[in-house]
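Report on one structure; see the data block that follows.
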Amino acid sequence: MPTSKTASDLIYLDTAGLIACLDADDRCHEMASKAWAAALESGVQFLMTDWVRLECWLLLQCRLGVEALNDFYELVLPRCKVDFVD
């Protein structure tokens, strides 16, 4: 019988945390990177909205360039479930 995810098995990702994780110059980068690594090790499911995905895409491209945007697409998005806001 399949089990469902509980709230403790999910981490909702927001723009500020993702930007901090990908921007080495962000004042919260170290903390965000450690939290990301710990969450990956724990096997939790990541969740974001399509609005957060779009906001990250825009900010990363404008502030950090194409390389950071590629990291977002290769390292973050494959691990996330994206919920679409109506």
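Derivation of every value follows stated rules applied to the coordinates shown; laboratory data play no part. Please read these numbers as outputs of a predicted model, since none were measured by experiment. Ideal geometry is used to build each Cβ from the backbone, glycine not excepted, and the neighbour counts take in all protein chains shown.
Here the gap between residue 40 and residue 12, fully extended at 0.36 nm per residue and compared with their Cα-Cα distance, gives a gain of 8.8 nm.
In this structure, the amide hydrogen of residue 13, modeled 1.01 Å from its nitrogen in the peptide plane, lies closer than 5 angstrom to those of 47, 48, counting only residues at least 5 positions away or on a different chain. Considering every alpha-carbon pair of the chain, the percent of pairs per 10 Å bin, from zero through the bin containing the longest distance, is 17, 50, 27, 5, 1. Taken about its Cα centre, segment 10-83 carries a charge dipole of roughly 140 debye when the Cβ of each Lys and Arg holds +1 and the Cβ of each Asp and Glu holds -1. Of the residues 38, 70, 18, the one whose Cα sits farthest toward the positive end of the charge dipole of the chain, with +1 on the Cβ of Lys and Arg and -1 on the Cβ of Asp and Glu, is 38. Shown for 60, 77, 69: other C-beta atoms within 10 Å of each C-beta, ranked fewest to most, produce the order 77, 69, 60.
Legend: ranking of residues 79, 53, 27 from fewest to most surrounding C-beta atoms inside 10 Å; resulting order 27, 79, 53.
Computed on the chain, with alpha-carbon pairs under 8 angstrom and 6+ residues apart, the relative contact order is 32 percent.
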